[in-house]
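Take a look at the structure set out below.
The values are calculated or read from the model by the stated rules, or taken from the named source; none is laboratory data. No experiment lies behind these values; they were computed from the predicted model shown. Note that each Cβ is placed from the backbone with ideal geometry, even for glycine, and that neighbours are counted across all protein chains shown. When the accessible area is computed, the model is the full protein with side chains, heavy atoms only, and any ligands, DNA or RNA have been set aside. Shrake-Rupley method; radii C 1.70, N 1.55, O 1.52, S 1.80 Å.
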Amino acid sequence: MPARTKPGQVTARRGRAAEHGAPRTAAGNAPGRALVAGPKAVAGVRERAAAGHVAAGREAPPHPLQPVDDSIRDLGMPHVTEDEKLLSFRPAPAEAFTHTDPWRVMRIMSEFVEGFDRLASLDKAVTVFGSARVAPDDPQYASAQEVARLLARAGFAIITGGGPGIMEAANKGAREGGGKSIGCNIELPFEQKPNPYLDTLIDFRYFFARKTMFVKYSAAFLIFPGGYGTLDELFDALVLIQTGKLYHFPVILFGRRYWDGLVRWLRARVLREEKICADDLDLLVITDDPAQVARFVTRAYELQAKTASRRAEAGS
């Protein structure tokens, strides 16, 4: 009779497997299906996006309507987004190429044209990122609302992803401060619902088009606690600064308790192994003070304006 597995043995086996070079996911599982964002993963994203609306006392966006005839659709498959159509590899006959990606460029171009056109009047703005599931009674929500209010009073428009949680708090603060409140929504495999504090809402199908708007029209990024999407925007901005694409562009991490672990890892592992240099750590600013953020962003914008003026005079 086989011996009964004792508590802790599974974890120990996973650890030994990892030591011997067997690949594992960050959760300790064997790779494979885990590398695919299956129905549970997509449902998790949808739940997090809906949680902020529910916490604010609003109805969550409805589930996608199911077809009358289940046989015509695989109910386990989510809605196919335009990003997926563009980025996913799909073998196809050579002649099909002329009817897909080249023509999709026109749609991509239209997103850039609409974004540039609708945001062209912005003088200065700050983009705020953070979790969609933060409730109005959360201290993070109050901080995001307050810092956006202060920035709006200083003349900055506030740009977010247009959803609930931290995004909603920032858009609400912009309204309270008398500033412009802008949301840049992204198409996902489920229906979404914008927060009610937007003056301007722009819908995007492609993440890279939306990212361009965030960077192009912002004087700073304000990063509140969030998940993969927030981290994506954080490191995307850092690479642009590190490679000289942006200058005097603050990337501010709000919430020391949340971000300290990440910063310690960057210092202890990434810097120590010389994957970055010590100066790269100075590209991040960490604070818990909304007033400090407003002062810092205002000063950075003044430096940006002076540098842009000098470059224009020099003809560069």
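Being at negative phi and in contact with a Gly (Cβ under 8 Å, 6 or more places away or on another chain): is that true of Phe204 here?
Considered against the rule, which asks whether it is at negative phi and in contact with a Gly (Cβ under 8 Å, 6 or more places away or on another chain), Phe204 comes out as yes.
For the stretch 299-316, enumerate the residues that are among the polar types (S, T, N, Q) and open to solvent by 40 Å² or more (accessible area, probe 1.4 Å).
Residues satisfying the conditions are Ser309, Ser316.
Working carefully through the options Asp288, Asp280, find the one that is surrounded by 11 or more Cβ atoms within 10 Å (Cβ to Cβ) and touching a residue at least 60 places away in the same chain (Cβ under 8 Å).
Asp288
Regarding Asp137, is this residue surrounded by fewer than 16 Cβ atoms within 10 Å (Cβ to Cβ) and either at pLDDT below 95 or outside any loop (DSSP other than H, G, I, E, B) (or both)?
No: the conditions fail for Asp137.
Consider Gly244 carefully, then state whether it is part of a loop (DSSP other than H, G, I, E, B) and at pLDDT 95 or above.
So Gly244 does not fit the description; no.
Provide a single number: the residues in the stretch 166-181 that are more than 15 Å from the chain's Cα centre (by Cα) and either basic (Lys, Arg) or open to solvent by less than 10 Å² (accessible area, probe 1.4 Å) (or both).
8
Does the stretch 133-141 include one or more residues that are farther than 23 Å from Lys193 by Cα, in contact (Cβ under 8 Å) with a residue 12 or more places away in the chain and within 19 Å of the chain's Cα centre (by Cα)?
Checking the stretch 133-141: not a single residue is farther than 23 Å from Lys193 by Cα, in contact (Cβ under 8 Å) with a residue 12 or more places away in the chain and within 19 Å of the chain's Cα centre (by Cα).
Taking the conditions exactly as written (touching a residue at least 24 places away in the same chain (Cβ under 8 Å) and surrounded by 24 or more Cβ atoms within 10 Å (Cβ to Cβ)), does Ala154 satisfy them or not?
The answer is no for Ala154.
Determine whether the stretch 188-210 contains at least one residue that is closer than 19 Å to Gln292 by Cα, more than 13 Å from the chain's Cα centre (by Cα) and open to solvent by less than 40 Å² (accessible area, probe 1.4 Å).
Scanning the stretch 188-210, I find no residue that is closer than 19 Å to Gln292 by Cα, more than 13 Å from the chain's Cα centre (by Cα) and open to solvent by less than 40 Å² (accessible area, probe 1.4 Å), so the answer is no.
Looking only at the stretch 222-236, which residues are of a type in the set (A, V, I, L, M) and either open to solvent by 10 Å² or more (accessible area, probe 1.4 Å) or modelled with pLDDT under 95 (or both)?
Once the filter is applied, which keeps residues that are of a type in the set (A, V, I, L, M) and either open to solvent by 10 Å² or more (accessible area, probe 1.4 Å) or modelled with pLDDT under 95 (or both), the stretch 222-236 yields only Leu231.
Restricting to the stretch 257-283, and then to whatever is touching a helix residue (DSSP H, G or I) at 6+ places or on another chain (Cβ under 7 Å) and either of a type in the set (Ser, Thr, Tyr) or not in a loop (DSSP other than H, G, I, E, B) (or both), can you tell me which residue is nearest to Gln242 (Cα to Cα)?
Applying the filter and picking the extreme gives Asp280.
Conditions: (1) touching a residue at least 40 places away in the same chain (Cβ under 8 Å); (2) not in a helix (DSSP H, G or I). Phe296 meets all but one. Number of the miss?
Looking at each condition in turn, Phe296 falls short on (2).
Has the stretch 164-182 got at least one residue that is at pLDDT below 95 and among the polar types (S, T, N, Q)?
Among the residues of the stretch 164-182, not one is at pLDDT below 95 and among the polar types (S, T, N, Q), which makes the answer no.
Before we move on, is Thr200 at pLDDT 95 or above and out of contact with any Pro (no Cβ under 7 Å at 6 or more places or on another chain)?
yes
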